[in-house]
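Taking it in order: structure first as structure tokens, then the write-up.
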Amino acid sequence: MTTLSIRDLRHKWPEAEALLNIEGEIVITRDSKPIAKLVRYIGTEKPRRRFDPNVHADWQKRMNEGKVVHLVDKYLMVDRENKPSP
């Protein structure tokens, strides 16, 4: 088990991080007294769901009962009409 002071942890973070990958845990000290333990976090590697435009288009058709809705275009036009000219 490796120990580092708070100052070393702040000033030498890249070295501390490399050490953490090797050791797995580091005891953090203040005035030579242990105050905390830093452990390596190992997260689960779940594949991220990617955006599929075809699946999204099918969902939009189901939600809008087959009608094409251009709400963004409508609100952009209204916004542009109400915007004062320079």
- Item | Average silhouette area of the range 27-78, convex hull of alpha-carbon atoms, in square nanometres | 9.1 nm²
- Task: Provide the net charge surrounding S5, with neighbours chosen by a C-beta distance below 11 Å and charges set as Lys +1, Arg +1, Asp -1, Glu -1.
- Result: +3
- Can you count the Lys pairs in the chain with C-alpha separation below 23 Å, eight or more apart or on different chains? 4
- Which angle between 0 and 90 degrees, to the nearest 10, do you get for helix 71-82 versus the longest principal axis of the chain when only C-alpha atoms count? 80 degrees
- Message: Tell me the net charge near K61. Cut-off is 15 Å between Cβ atoms, K61 excluded, with +1 for each Lys or Arg and -1 for each Asp or Glu.
- Response: -1
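Defining a contact as two alpha carbons under 8 Å apart and six or more residues distant in sequence, what relative contact order in percent does the chain show?
On the way: 54 pairs, mean separation 16.7, N = 86.
Relative contact order here is 19 percent.
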- Query: Taking only protein heavy atoms and a 1.4 Å probe, what accessible area per residue, in Å², does the chain have with all protein chains in place?
  - Reply: 97 Å²
- Message: Just to be sure I understand: of the beta bridges DSSP finds with both ends in the chain, what percent are antiparallel, rounded to 5?
- Response: 60 percent
- Query: How would E25, E15 line up by accessible area, probe 1.4 Å, largest first?
  - Reply: E15, E25
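The values are calculated or read from the model by the stated rules, or taken from the named source; none is laboratory data. Quick caveat, the model's predicted, so the values are computed rather than measured. All Cβ positions, glycine included, derive from the backbone under ideal geometry; neighbour counts span all protein chains shown. Surface areas here come from the heavy atoms of the whole protein model, side chains and all, with no ligands, DNA or RNA. Shrake-Rupley method; radii C 1.70, N 1.55, O 1.52, S 1.80 Å.
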